Amino acid sequence: MYLEHINSPEDVRTLSAAELDVLSSEIREFIVDAVAGTGGHLGSNLGAVELSIALHRVFESPRDAVLWDTGHQAYVHKILTGRRSGFEQLRQSGGLSGYPSREESRHDLVENSHASTILSYAYGLAVGRDAGRSDHRHIVAVIGDGAMTGGMAFEALNNLGHSNRRVIIVLNDNGRSYAPTVSNLWANAQGTDERSGHPSLPDRITSTLSHALTDIRMNPVYVRRQRRLERFLHELPGVGPQAERVMESFKAGVREFLQPPAFFEALGVRYTGPVDGHDIAALEGAFRKAIELSDEGPIVVHVLTQKGRGYAPAESDDEKHLHDAPIFDPVAGPPKSGPSGYTQAFSEAVVELAQRDERIVAITAAMPGPTGLIPFQEQFPDRFIDVGIAEQHAVTAAAGMAMAGMRPVVAIYSTFLSRAWDQVVYDVALHRLPVIFCLDRAGVTGPDGASHHGMYDMALLSKVPGMRVLAPSTADELRQMVADAATLADDGPVVIRYPRGNAPESVDPVGSGLNARLVSASNASRDIAILAVGRMLPTAEDVAGKLAADGIGCSVWDVRSCTPLDVEMIADATGHRSVVTLEDGIADGGIGSLIADAVQRAAFDADHAPPPVTVLGLPTVFIPHGTPEEIFERFGLDPVSVADAARRALR
């Protein structure tokens, strides 16, 4: 076994070609076994094995800054930089992060798990290096898994080309983000014959020409001669400018035929490739030549890889090539995935809504599977839109559709909607447009860590004028809210936010519209009113049972409508000795704070002293990965801690 002797990048540089092939197989087997035991991102890392090895053989991390976008494709990088033993606790509380982590290693410069950002980091690092503020030799930005569909990546490319900064961009093109990449640029590079599934004849011809021209264009001798030819043409007496333009027109025509070179070079970024991303020798050659050529400015090395390579269940997964996986049997592979819990309830509800209302159109940002929209896509292909990793575009496009008389449903993870904050406020809400936002993975998400907890949505969105924010406590409540949203949207945008994981089914009648729901009341002793938001309702009911055993009377409300708040719920709360609010978002400026203000105003209006309000929620800190149960207990949101807080409030 070679893998057990790899403890740093230096160790991989001593291996022969044959040994590297064996090491690649060992790494793939190791990753499958590790992810099978803990869950995690699988397909993208299986596709990046040879690429990661070649990077660490050519570049000297951390002297050379090797940056990863998206961060979930960095498992092999972690293995090669001495963290192999940590994979036993991958994504577990206190264990190895599923993304690059500055706390883990000096080889991780950017903690990046949101897509399309790394080229901007690279530009900034290049500015600092060129100003003499850092000692990085080369800056290498690895961008892939569909991240080049994000607008921020294009903004950075434009800036890199304009400034001529020395940055090496490695485009890990596996033709996919979570789902197939939404981009003609990459579709052209990965062209296939639809009937056979193999590269078409024109694509094979184009690929051959592209490789031949790449070999020429990456040759430093060619580059020097090209520069001399350009100077010669420019200096020709009388016809110099015309000759130079003819030469540029010819080159532009070739580039246009062999996209994506035309795209990158129009921005001032030299392009090389495509390179076989599973040929270590070819990758090393491409990287070394890119180092030479980077003296003249930014350069893209276009690498073609296969997501899920080397593991049959991943290669045969048509939806996502096992982009991510739960705990599974590595021999049999994960069971076929599908939406569950709240996501499944949303999936069913949005299809039912579309069957009744032809205005409904569903929009996702590269995640039709995780957001539960595949059944919608299958039934209404003409009313389903995947914009790629482009949340800002998704929201403003939804605004345009709403202006045109449609009812767009934008299904995005809570943490990713923050990338489109400006568009939510000024493109949708300012115009009071009928856009329905369905935010999956709201609140504490668990193993994906700080960047993926959806803990800010309620505090932010509740401050948007005219926005209605709904939080279901059960699967049935979510179905009802989706049905109600189509009508509520007549008056402007609506948000429905719900967590990852299992969803309890309702045993009581569900609520409706913007009304809260009284779950249980204690008329004999009105000691405490517990107002719970969404998933925190079972905790509130558990707490009420514990307090009842102590002779403390509790009323429990399912808040449902976070904004506007139900005036009947607030009025009832003011009649108790104490009020406790529970939410899985940040407490500072969250829904509990709004409830506390509303209770105080209502009590003053009724001419009696307001009861004290204890606001329980998440602190304003970055929360690392762990199970939701561990995180709730850590921050006093488990039933025992909440019951103790309620008793203290009464005292």
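Go over the candidates L537, L531, L439 one by one and state the one that is in the same structural domain as A573 (by TED's automatic domain parsing), crowded, with 24+ Cβ neighbours inside 10 Å and in a strand (DSSP E or B). Walk me through it before giving the result.
Values: L537 fails: in a strand (DSSP E or B); L439 fails: in the same structural domain as A573 (by TED's automatic domain parsing).
Result of the check over L537, L531, L439: L531.
Take region 481-513 and flag every residue that is of a type in the set (S, T, Y) and in a loop (DSSP other than H, G, I, E, B).
Just the residues of region 481-513 that are of a type in the set (S, T, Y), to begin with: 487, 498, 506, 512.
Correct list: Y498, S506, S512.
Go through the residues of region 333-346 one by one and say whether even a single one is surrounded by fewer than 20 Cβ atoms within 10 Å (Cβ to Cβ), in a helix (DSSP H, G or I) and basic (K, R).
Within region 333-346, the subset surrounded by fewer than 20 Cβ atoms within 10 Å (Cβ to Cβ) is 333, 335-341, 344.
Next, only the ones that are in a helix (DSSP H, G or I) stay: 341, 344.
Adding the requirement that they be basic (K, R) leaves none.
No - not one qualifying residue is present in region 333-346.
Residues checked against (1) modelled with pLDDT under 90; (2) on the phi > 0 side of the Ramachandran plot:
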| site | (1), (2) |
| --- | --- |
| G40 | yes, yes |
| H56 | no, no |
| E60 | no, no |
| Q73 | yes, no |
| I79 | no, no |
| G98 | yes, no |
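Looking for whichever is within 30 Å of Y123 (Cβ to Cβ) and over 22 Å from the mean Cα position of the chain (by Cα) here; the options are I6, I79, I27. Which one fits? Show your work before the answer.
Values: I6 fails: within 30 Å of Y123 (Cβ to Cβ); I27 fails: within 30 Å of Y123 (Cβ to Cβ).
Only one candidate qualifies: I79.
How many residues are of a type outside the set (F, W, Y), without any contact (Cβ under 8 Å) to a residue 60 or more places away in the chain and part of a helix (DSSP H, G or I) if we restrict to region 357-395?
The qualifying residues number 11.
Give the residues of region 478-505 that are closer than 16 Å to V428 by Cβ and β-branched (V, I, T), sorted by residue number.
Selection gives V494, V495, I496.
Which of the residues belonging to region 64-104 are among the small types (G, A, S), in a loop (DSSP other than H, G, I, E, B) and in contact with a Pro (Cβ under 6 Å, 6 or more places away or on another chain)? Explain how you work it out, then say what you get.
Filtering region 64-104 for residues among the small types (G, A, S) gives 65, 71, 74, 82, 85-86, 93-95, 97-98, 101.
Imposing the further condition that a residue be in a loop (DSSP other than H, G, I, E, B) reduces the set to 74, 82, 93-95, 97-98, 101.
Answer for region 64-104, where residues must be among the small types (G, A, S), in a loop (DSSP other than H, G, I, E, B) and in contact with a Pro (Cβ under 6 Å, 6 or more places away or on another chain): just A74.
May I ask you to say which residue of L594, L565 is in a loop (DSSP other than H, G, I, E, B), surrounded by 19 or more Cβ atoms within 10 Å (Cβ to Cβ) and at pLDDT 95 or above?
Step by step, each of L594, L565 is checked, and only L565 is in a loop (DSSP other than H, G, I, E, B), surrounded by 19 or more Cβ atoms within 10 Å (Cβ to Cβ) and at pLDDT 95 or above.
In the set L67, L46, which member is of a type in the set (A, V, I, L, M), within 21 Å of P334 (Cβ to Cβ) and in the same structural domain as Y311 (by TED's automatic domain parsing)?
L46
So is A459 touching a Gly at 6+ places or on another chain (Cβ under 9 Å), in a helix (DSSP H, G or I) and small (G, A, S) or not?
Working: touching a Gly at 6+ places or on another chain (Cβ under 9 Å): yes; in a helix (DSSP H, G or I): yes; small (G, A, S): yes.
When the stated conditions are applied, A459 passes them.
Anything in region 105-132 that is in a helix (DSSP H, G or I) and without any contact (Cβ under 8 Å) to a residue 60 or more places away in the chain? List them, or say none. Even if it seems obvious, please write down each step before you answer.
Taking region 105-132 as the starting set, the residues that turn out to be in a helix (DSSP H, G or I) are 118-130.
I118, L119, S120, Y121, A122, Y123, G124, A126, V127, G128, R129, D130, listed by residue number.
Go over the candidates D607, D588 one by one and state the one that is part of a loop (DSSP other than H, G, I, E, B), of a type in the set (D, E) and at positive phi.
Numbers: D588 fails: at positive phi.
Selected residue: D607, the only one of D607, D588 that is part of a loop (DSSP other than H, G, I, E, B), of a type in the set (D, E) and at positive phi.
If you take the residues of region 349-380 that are touching a Lys or Arg at 6+ places or on another chain (Cβ under 7 Å) and not hydrophobic (A, V, I, L, M, F, W, C), which of them is surrounded by the most Cβ atoms within 10 Å (Cβ to Cβ)?
Residues of region 349-380 that are touching a Lys or Arg at 6+ places or on another chain (Cβ under 7 Å), as a first pass: 349, 354, 357, 359-362, 369.
Next, only the ones that are not hydrophobic (A, V, I, L, M, F, W, C) stay: 357, 359, 369.
Values: D357: 13, R359: 17, G369: 20.
Result: G369.
Would you be able to say whether some residue in region 512-520 is within 31 Å of the chain's Cα centre (by Cα) and either surrounded by fewer than 17 Cβ atoms within 10 Å (Cβ to Cβ) or closer than 24 Å to R468 by Cβ (or both)? Step through it out loud before you land on a result.
Of region 512-520, the ones within 31 Å of the chain's Cα centre (by Cα) are 513-514.
Filter again for either surrounded by fewer than 17 Cβ atoms within 10 Å (Cβ to Cβ) or closer than 24 Å to R468 by Cβ (or both), leaving 513-514.
Yes: one or more hits.
Being out of contact with any Ser or Thr (no Cβ under 9 Å at 6 or more places or on another chain) and not hydrophobic (A, V, I, L, M, F, W, C) is the filter here; which residues of region 393-418 pass it? So that I can check it myself, show each step before the final result.
Going residue by residue through region 393-418, those that are out of contact with any Ser or Thr (no Cβ under 9 Å at 6 or more places or on another chain) are 393, 395-409, 416-418.
Across region 393-418, the qualifying residues are H393, T396, G400, G405, R407, P408, S418.
Answer yes or no: is there a residue in region 417-431 that is under 25 Å from E629 (Cα atoms), out of contact with any Cys (no Cβ under 8 Å at 6 or more places or on another chain) and assigned by TED's automatic domain parsing to the domain that holds D491. Even if it seems obvious, please write down each step before you answer.
So the first thing to find is which residues in region 417-431 are under 25 Å from E629 (Cα atoms), and the list is 417-418.
Restricting the remaining residues to those that are out of contact with any Cys (no Cβ under 8 Å at 6 or more places or on another chain) gives 417-418.
Still in the list and also assigned by TED's automatic domain parsing to the domain that holds D491: 417-418.
Yes, region 417-431 has at least one match.
The values are calculated or read from the model by the stated rules, or taken from the named source; none is laboratory data. Bear in mind that the values here come from a model prediction, so they are computed numbers and not experimental data. As a convention, Cβ positions derive from the backbone with ideal geometry for all residues, glycine included, and neighbour counts pool all protein chains shown.
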